[in-house]
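A.B. asks: Provided herewith is a single structure, encoded as structure tokens, for subsequent inquiry.
The values are calculated or read from the model by the stated rules, or taken from the named source; none is laboratory data. The shown structure was predicted, so the numbers you read here are calculated from the model rather than taken from an experiment. Backbone-built Cβ (ideal geometry, glycine too); neighbour counts: all protein chains shown. Surface accessibility is based on the protein's heavy atoms, side chains included, excluding ligands, DNA and RNA. Shrake-Rupley method; radii C 1.70, N 1.55, O 1.52, S 1.80 Å.
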Amino acid sequence: MNLETISSIPRQKDINSNSKKLDTVEVEAMQLKNIDTEIPKSQNPPETAENALRYDPEAITAIYSKRPLQVWKRRISILWTFVLFASSLWLDKITGNATKNERKRAIWLREILTNLGPAFIKVGQALSTRPDLASPTYLDELTKLQDQLPAFPNEVAYHFIEEELGFPPEEIYAELTSNPIAAASLGQVYKGKLKTGEIVAVKVQRPGLAESIALDIYILRTLAIWAHKNIQRLRSDLVGIMDEFGTRIFEEMDYTQEGRNAEKFKQLYGHLKDIYVPKIYWQYTGRRVLTMEWITGTKLTDLEAIKAKNIDAKYLIEIGVQCSLRQLLEHGFFHADPHPGNLLASPDGKLVYLDFGMMSEVKTYQRYGLLEAVVHLVNRDFDALGQDYVKLEFLTPETDLTPIIPALAGVFNNALGASVAELNFKSITDQLSALMYEYPFRVPAYYALIIRSLVTLEGIAINVDPNFKVLSKAYPYVAKRLLTDPAPELRTSLKDLLFKDGDFRWNRLENLLRNASNSDDYDISKVLDQALDFLLSERGDFIRVRLVEELINSLDLASINTFINARSKVNEWLGMKVEKTPVTTSNNPGNEKRAEHIKNIWQIIQDTPGFDAMQLVQLVPNILVKPEMQKMGQQVAGGLTQRAIARLIRQVLLSPEYSNTNGNGNGNGNGHKPKTQPQLSLPASSS
């Protein structure tokens, strides 16, 4: 008897059950929480989620703590299955049959994950997007877990439709495919047509789903509790992570919640360029049945089909990255399961999001913390990055960061210059995992779903373009936020970015403006308005001081050159001898660089889409009457006057006879050394 025969396990009852009752655990959990199972029918989404199925670890524990035999049977089944699979891989390796049996093993792994149920199927779905972790043969098989799982009988699906919507399918839909066109981890999808003519997708939930998932989560959660108590070096909140996963997957089992998620997602992100979210038909939706707009599309990973339709897959990936940035960093409501089955390219070249069951949220302080961390990463400011980890709750405030900061530098130092294929989220996560094991890091529960979402999206990007640079695509959005977001946290980050040791870094401002101009919804007029408001506020005092110095230096230099040129022109008109007087340049090379940066910045502003010089001109009268601007004008005028007086005194007091004009090292031409005269110099210019 070979290993495959020994490991053959019958499919769980929840895959092919004919049950017409609610799940056992679901009923018991609802009884414990006194939840009414009746779902309101309406053309609008339910106003509240009172009837939604909710993850309750205490209720699940109360149920399965009374079923030790069922729990141990499941534990042994899972362990034995993976031990046998690992043994087969080891035998293939030592016998030299790894390549020969690769397809067989890949099929076997897919079947194992399918048999083990939805929780493990989701692991396989995530793995199917990682060409850097699995061979093409394994990816090909694991991709089938996205929408090619075994279907359950139609009569069960039809019964659920009747239970949820109150009528048999034939009385609700004008048409409904005789068999499901796709089957995923939690349900299967039929293509239908409403009696009003709309083409729709009808998703029906698998039977026995809650019981299967609740048991696996209970097993994993008890393992997390054991690990927390017995493994002292383990500082991450594994129990919290499991509860977060349980909360999201139970929400995913409630299709009314998924419908609400879809409409919220559409409200927040549906207006973005080339993003499309399907419509939900609420009058045909219940907890276990979801009716939504039918979408004809192609998976982003099907590159040949996308190319044949003349769709730019790389562009859609960029759109997905930009949308993900807004999900994570702007509104905090994000799609936590963006596998290829949930991201489609529409025939008109739009990125379509599907399956809004697994969503999560990032709190406001976490969003700003992540933005600040990106800025500090770009600046390679690892001291500040260490503080970011404290704000984001990876480290406690009393943690000594002295040994951690060099370690962070070692992990992130090359991140900016690396492509996804060379240094991606997964590789960074792996390196951070080793770092977090060595130092007193703890992983917050919200972080797990963020990483899962980003790593999955990144896996799709690698498949489309191995050289896709995530940070280079993300930074324009971050630059836009830094320049336009009035939040105090980002104003501080902007100050830290632009100033170092009291010096203004014009090159950083130039880089920010250039990157921000590549962001689709970048509004240059808004940037100028906010920049002026900030400049003339109390918080902008430190910038005004530096700006006055820069203006004095630049205007003084310009006035000297203007005077020299004017004198030459006058002498030329009067027929006088024109002296070859060189145009004055700054003694400080930094001034010339600054002038070049300012010139470039003005050019970037002029070239930015939406810039209107007349709007800027219209702002001038309002700006000039501001007390802060008048004070700046007085300071500039005073500084220029002081320099002009200093220059006049120097020219009057320094007689030519004391000047070294003949090249002999003295001023009188007779070889005698002149007396030392007091030297008056211009005020030192700032760099």
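A.B. asks: How many residues, within region 162-206, are out of contact with any Phe, Trp or Tyr (no Cβ under 8 Å at 6 or more places or on another chain), in a helix (DSSP H, G or I) and in contact (Cβ under 8 Å) with a residue 24 or more places away in the chain?
C.D. replies: 2
A.B. asks: Also: List pairs: first in region 54-78 and on the phi < 0 side of the Ramachandran plot, second surrounded by 12 or more Cβ atoms within 10 Å (Cβ to Cβ) and of a type in the set (Asp, Glu), Cβ under 7 Å, 6+ apart or cross-chain?
C.D. replies: Note: pairs meeting the criteria are PRO57/ASP243; ILE63/GLU28.
A.B. asks: Filter the helices (runs of 4 or more DSSP H) completely within region 30-144 down to those with at least 2 residues that are modelled with pLDDT of 90 or more and among the aromatic types (Phe, Trp, Tyr).
C.D. replies: 68-95
A.B. asks: Within region 145-153, identify whether any single residue is without any contact (Cβ under 8 Å) to a residue 24 or more places away in the chain and assigned to a helix (DSSP H, G or I), and answer yes or no.
C.D. replies: no
A.B. asks: While we're on this one: Give GLU372, GLU330 a once-over and let me know the one that is of a type outside the set (Ser, Thr, Tyr) and either closer than 22 Å to GLU258 by Cα or open to solvent by 40 Å² or more (accessible area, probe 1.4 Å) (or both).
C.D. replies: GLU330
A.B. asks: Same structure again: Within region 385-398, count every residue that is surrounded by fewer than 17 Cβ atoms within 10 Å (Cβ to Cβ) and in contact (Cβ under 8 Å) with a residue 12 or more places away in the chain.
C.D. replies: So the count comes out to 1.
A.B. asks: Here's a follow-up. Give me a count of the residues in region 183-228 that are hydrophobic (A, V, I, L, M, F, W, C) and either in contact with a Pro (Cβ under 9 Å, 6 or more places away or on another chain) or under 30 Å from GLU293 (Cβ atoms) (or both).
C.D. replies: Final tally of qualifying residues: 14.
A.B. asks: Tally time: how many residues in region 165-185 are β-branched (Val, Ile, Thr) and open to solvent by 50 Å² or more (accessible area, probe 1.4 Å)?
C.D. replies: Residues that pass the stated criteria total 1.
A.B. asks: Tell me, which residue of region 468-517 that is β-branched (Val, Ile, Thr) and within 25 Å of GLN606 (Cβ to Cβ) is nearest to the chain's Cα centre (by Cα)?
C.D. replies: Applying the filter and picking the extreme gives VAL478.
A.B. asks: Which one of ASN230, ASN154 is of a type outside the set (Ser, Thr, Tyr) and either over 30 Å from GLU58 (Cα atoms) or open to solvent by less than 10 Å² (accessible area, probe 1.4 Å) (or both)?
C.D. replies: Going through ASN230, ASN154 in turn, just one is of a type outside the set (Ser, Thr, Tyr) and either over 30 Å from GLU58 (Cα atoms) or open to solvent by less than 10 Å² (accessible area, probe 1.4 Å) (or both): ASN154.
A.B. asks: Condition (residue is in a helix (DSSP H, G or I) and in contact with a strand residue (DSSP E or B) (Cβ under 8 Å, 6 or more places away or on another chain)) applied to region 485-504: is it met by at least one residue?
C.D. replies: Looking through region 485-504, at least one residue is in a helix (DSSP H, G or I) and in contact with a strand residue (DSSP E or B) (Cβ under 8 Å, 6 or more places away or on another chain).
A.B. asks: How many of the residues in region 281-300 are of a type outside the set (Val, Ile, Thr), assigned to a loop (DSSP other than H, G, I, E, B) and in contact (Cβ under 8 Å) with a residue 60 or more places away in the chain?
C.D. replies: Selection size over region 281-300: 6.
A.B. asks: For region 379-400, name all the residues that are aromatic (Phe, Trp, Tyr) and in a helix (DSSP H, G or I).
C.D. replies: PHE382, TYR389
A.B. asks: When you look at ILE241, is it open to solvent by less than 10 Å² (accessible area, probe 1.4 Å) and either in contact with a Phe, Trp or Tyr (Cβ under 9 Å, 6 or more places away or on another chain) or over 30 Å from ALA474 (Cα atoms) (or both), yes or no?
C.D. replies: no
A.B. asks: (1) touching a helix residue (DSSP H, G or I) at 6+ places or on another chain (Cβ under 9 Å); (2) of a type outside the set (Phe, Trp, Tyr); (3) closer than 21 Å to GLN188 by Cβ; (4) open to solvent by 10 Å² or more (accessible area, probe 1.4 Å): which one isn't true of GLN322, the others all being true?
C.D. replies: Tallying (1) touching a helix residue (DSSP H, G or I) at 6+ places or on another chain (Cβ under 9 Å); (2) of a type outside the set (Phe, Trp, Tyr); (3) closer than 21 Å to GLN188 by Cβ; (4) open to solvent by 10 Å² or more (accessible area, probe 1.4 Å), GLN322 fails exactly one: (3).
A.B. asks: Return yes or no: is LYS426 within 30 Å of GLU251 (Cβ to Cβ) and modelled with pLDDT of 80 or more?
C.D. replies: no
A.B. asks: Let me ask another. Residue under question is SER537, and the condition is that it be more than 39 Å from the chain's Cα centre (by Cα) and either at pLDDT below 70 or not aromatic (Phe, Trp, Tyr) (or both); does it hold?
C.D. replies: no
A.B. asks: OK, next. Given the condition open to solvent by 20 Å² or more (accessible area, probe 1.4 Å) and part of a helix (DSSP H, G or I), answer yes or no: does some residue in region 342-362 qualify?
C.D. replies: So far as region 342-362 goes, no, none of its residues is open to solvent by 20 Å² or more (accessible area, probe 1.4 Å) and part of a helix (DSSP H, G or I).
A.B. asks: Could you grab the pairs with beta carbons closer than 6 Å, sequence gap of 6+ or different chains, first residue in region 207-224 and in contact (Cβ under 8 Å) with a residue 24 or more places away in the chain and open to solvent by 10 Å² or more (accessible area, probe 1.4 Å), second one polar (S, T, N, Q) and not in a helix (DSSP H, G or I)?
C.D. replies: Qualifying pairs under 6 Å: GLY208/SER17.
A.B. asks: I'm trying to understand the selection: among the residues of region 241-259, which are at pLDDT 90 or above and within 23 Å of the chain's Cα centre (by Cα)?
C.D. replies: If the condition is that a residue be at pLDDT 90 or above and within 23 Å of the chain's Cα centre (by Cα), then GLU258 is the only one that fits.
A.B. asks: Pull up region 391-423, narrow it to residues that are among the charged types (D, E, K, R) and modelled with pLDDT of 85 or more, then point me to the one that is nearest to ALA445 (Cα to Cα).
C.D. replies: The extreme case among them is GLU393.
A.B. asks: Continuing with the same structure: Hey, could you check region 276-294 for residues that are open to solvent by 10 Å² or more (accessible area, probe 1.4 Å) and under 26 Å from the mean Cα position of the chain (by Cα) and say which is nearest to TYR158 (Cα to Cα)?
C.D. replies: LYS279
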